[in-house]
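Right, one structure below, let's go through it.
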Amino acid sequence: MMTQEGIYILGIESSCDDTSAAVLKNGVLLSNVTASQKVHEAYGGVVPELASRAHQQNVVPVVHEAIKQAGIAKEQLSAVAFTRGPGLMGSLLVGVNFAKGFARSLGIPLIDVNHLQGHVMAHFIKESDDDTNQPPLPFICLLVSGGNSQIVLVRKYNDMEVLGQTIDDAAGEAIDKCSKVMGLGYPGGPIIDRLARQGNPKAYQFSEPHIPGLDYSFSGLKTSFLYNMRKWVEEDPDFIEHHKEDIAASLEWTIVDILMKKLRLAVKQTGIKHVAVAGGVSANNGLRNAFYDHAKRYGWTVYIPKFSYTTDNAAMIGIVGYYKFMDGETCPIDAPAFSKVTFK
């Protein structure tokens, strides 16, 4: 067994359809292993029952590989951090129960992590001891994923305030559903992103909602998109095939415009110009380009995560676990998973 000194945190993430495990030493990432599930593509969305079964098959080999890649023995682990929620209950239970059993077998503490807090804290994952790319506190974070669209004021890792959030669909959900309307497949985000690179973002207009304050709404956009597609396809049955690049670019431009308008308002209201983006949709090139543009136009300092930290991954769970461990925050063995809560 190796005898390196340090705090080793095993992170486990299983909130949706990715089984992931990571090992961090003193907040520095040693390994981050993820098994994705292709089975859902045929159904146009995540099937909860299939997801939980796949997690059961993947969790042991993924954890084993993460520990192996970290170059440590499991007995060196200081604690096990796991996603407690929100997410799909069946998927969460696999990770939660494995984490409990694994921690108990090693006699080490359990640390529960909020999935959304993990996405925000992905910016604090270090890849080396001298990694200093973390945003200063406080900062504003736009959290956009398939299930969430929120503007979060981050004062500390455990002090986050939701300033605004979607009142219906999330941005990622809207993209996936519009992709499905176009017959492009699932997940829609990467497909729309790829097509949008080749299209004209001003080719078509879709309605933007007028929601007061900092809250978002994407259901109206989705409805507008559906009605427009129906009308255009009636006039030309091959309309989507002939114009899919321009449609994708226009859809992406509209969604990014909605997101950035509210974010500009949040920056204006708080006076905080350190602005980060997190979550699966932060992998979108149009959104990333908008952040770079706003940095130039408005003097923001922007923080954009590596692609590997945008989607669900255990490194983000591990870094929250590390901070909580340093503060002595652990959870009891009987802590239940939760599916719906946003921030605790």
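The values are calculated or read from the model by the stated rules, or taken from the named source; none is laboratory data. Everything quoted here is computed from the prediction, not taken from an experiment. Don't worry about glycine lacking a Cβ; one is built from the backbone with ideal geometry, like all the others, and counts go over all protein chains shown. Keep in mind that these areas ignore ligands, DNA and RNA; they rest on the heavy atoms of the full protein, side chains included. Shrake-Rupley method; radii C 1.70, N 1.55, O 1.52, S 1.80 Å.
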Counting only residues 5 or more apart in sequence or on a different chain, those whose built amide H sits under 5 Å from that of residue 7 are 26
For the peptides 246-252, 269-275, 281-287, what is the packing order when you average, over each peptide's residues, the other Cβ atoms within 10 Å and list the highest mean first? 246-252, 281-287, 269-275
For the chain, take the longest principal axis of its alpha carbons; what is the angle in degrees between that and the long axis of helix 314-326, to the nearest 10 within 0 to 90? 50
Which one of 280, 316, 300 is farthest out on the positive end of the charge dipole of region 249-335, using unit charges on Cβ (Lys, Arg +1; Asp, Glu -1) and the Cα centre as origin? 300
Roughly to the nearest percent, how much of the accessible area of the chain is carbon and sulfur, given a 1.4 Å probe? 51
³J(HN,Hα), Karplus 6.51/-1.76/1.60, whole Hz, each residue of region 190-198, x for Gly, Pro: x, 5, 4, 4, 5, 5, 4, 5, 9
The chain shape via C-alpha gyration tensor axes, a/c threshold 1.5: prolate
So who's got an amide H within less than 5 Å of the one on residue 163, skipping anything under 5 residues away but keeping other chains? H placed 1.01 Å off N, in plane. 151, 152, 153
What pairs in 156/324; 25/306; 202/244; 156/177; 100/126 have C-alpha atoms more than 23 Å from each other? 156/177; 100/126
Shape verdict for region 143-223, please, from the Cα gyration tensor: rounded (a/c under 1.5), prolate (a/b greater than b/c) or oblate. prolate
5 Å is the cut-off here: which amide hydrogens, built 1.01 Å from N in the peptide plane, fall below it relative to residue 276, excluding neighbours closer than 5 in sequence? 140, 141, 142, 303
Going by the alpha-carbon gyration tensor, a ≥ b ≥ c the square roots of its eigenvalues, is region 243-327 rounded (a/c under 1.5) or, if a/c is not under 1.5, prolate (a/b greater than b/c) versus oblate? oblate
Residue-normalised 222 nm signal for the chain, counting each DSSP H run of n ≥ 4 as -39,500 (n - 2.57), nearest 500 deg cm²/dmol, is -14000 deg cm²/dmol
Would you mind counting up the charge near residue 10? Only other residues with Cβ under 14 Å from its Cβ, with Lys and Arg at +1 and Asp and Glu at -1. +2
Averaged per residue, what accessible area in Å² does the chain show with a 1.4 Å probe, protein chains only? 44
